[in-house]
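Colleague: Okay, handing you the structure first.
The values are calculated or read from the model by the stated rules, or taken from the named source; none is laboratory data. Keep in mind that this is a model prediction, so the values were computed, not measured. When we count neighbours, we look across all protein chains shown, and the Cβ atoms used for this are built from the backbone with ideal geometry, even at glycine. Calculation scope for accessible area: heavy atoms of the full protein, side chains included, ligands and nucleic acids excluded. Shrake-Rupley method; radii C 1.70, N 1.55, O 1.52, S 1.80 Å.
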Amino acid sequence: MESRVNYFGHPLAAKVLRHINSAGKAVSDSTLPAATQELVKIRASQINGCGFCTDMHTKDAAHAGETAQRLHLVAAWREATCFTDAERAALELAEQGTRIADAAGGVTDEAWVSAAKYFDEDQLVALISLIAVINAYNRVNVINQQPAGDYQPGQFG
């Protein structure tokens, strides 16, 4: 598989990605737990069918110490017993935020109340932002058919 264009080598894309990367850095520097951030990125990427981001974030999470069991169960998090209640709330918000077009009402009040039970306002802002940023990355990669599988942890800095 080859990408449709050399997106990551294009000067206009470099300008766009600089802004998206800045937003991502702001989120990664937040108090939202790093493990939760990776789980959210993985789940949104799975939903969106983004192999590139799924590859990247599962490898980054494993490199940071995430267990293989939890990584294998992200797609089935509702049935898995290895996630905390806070992680479950974040995953639910990520799913609903990623599938906005599928739900007439968008993100439910129940999902929001659940997340707000575990995360303070700064973390909620980070979580909303993270969901938006990973969905933007997913769309770039899916539209461009960016190949997956060759990512090395830390490859992008």
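Colleague: For segment 34-56, how many residues are in contact (Cβ under 8 Å) with a residue 40 or more places away in the chain and more than 14 Å from Leu93 (Cβ to Cβ)?
Modeller: 11
Colleague: For Val133, only one of the following conditions fails: (1) touching a Leu at 6+ places or on another chain (Cβ under 9 Å); (2) in contact (Cβ under 8 Å) with a residue 24 or more places away in the chain; (3) hydrophobic (A, V, I, L, M, F, W, C). What is its number?
Modeller: So Val133 meets the others, but not (1).
Colleague: State the number of residues belonging to segment 39-66 that are crowded, with 22+ Cβ neighbours inside 10 Å and of a type in the set (Asp, Glu).
Modeller: 0
Colleague: If we only count helices (runs of 4 or more DSSP H) wholly inside segment 1-84, which ones have 2 or more residues that are farther than 29 Å from Asp120 by Cβ?
Modeller: Those helices (runs of 4 or more DSSP H) span 11-28, 51-63, 68-73.
Colleague: Consider only pairs whose beta carbons are under 8 Å apart and that are at least six residues apart or on different chains; among these, list those whose first residue lies in segment 97-111 and is assigned to a loop (DSSP other than H, G, I, E, B) and whose second residue is of a type in the set (Val, Ile, Thr).
Modeller: Arg99/Ile47; Gly106/Ile100; Val107/Ile100
Colleague: Can you tell me how many residues in segment 99-152 are closer than 21 Å to Ala61 by Cβ and loosely packed, with under 12 Cβ neighbours inside 10 Å?
Modeller: Residues meeting the conditions: 3.
Colleague: For segment 112-124, what are the residues that are of a type outside the set (D, E, K, R), assigned to a helix (DSSP H, G or I) and in contact (Cβ under 8 Å) with a residue 24 or more places away in the chain?
Modeller: Ser114, Ala115, Tyr118, Gln123
Colleague: Checking the condition within 24 Å of Lys15 (Cβ to Cβ), surrounded by fewer than 21 Cβ atoms within 10 Å (Cβ to Cβ) and not hydroxyl-bearing (Ser, Thr, Tyr), which residue from Gln155, Gln96, Gln69 passes?
Modeller: Answer to the check: Gln155.
Colleague: Right, next: Could you tell me how many of the residues in segment 19-32 are surrounded by fewer than 17 Cβ atoms within 10 Å (Cβ to Cβ) and farther than 21 Å from Pro147 by Cα?
Modeller: 8
Colleague: When both residues are 6+ apart or on different chains and their Cβ atoms are under 6 Å apart, which pairs have a first residue that lies in segment 145-156 and is touching a residue at least 12 places away in the same chain (Cβ under 8 Å), and a second that is open to solvent by less than 70 Å² (accessible area, probe 1.4 Å) and of a type in the set (A, V, I, L, M, F, W, C)?
Modeller: Gln146/Phe52; Ala148/Phe52; Tyr151/Met56
Colleague: Filter segment 72-83 down to the residues that are open to solvent by 30 Å² or more (accessible area, probe 1.4 Å) and touching a residue at least 24 places away in the same chain (Cβ under 8 Å) and list them by number.
Modeller: Within segment 72-83, Ala75 is the sole residue that qualifies.
Colleague: When residues of segment 10-21 are filtered for being more than 21 Å from the chain's Cα centre (by Cα) and under 21 Å from Val133 (Cβ atoms), how many remain?
Modeller: Residues flagged as more than 21 Å from the chain's Cα centre (by Cα) and under 21 Å from Val133 (Cβ atoms) within segment 10-21 amount to 3.
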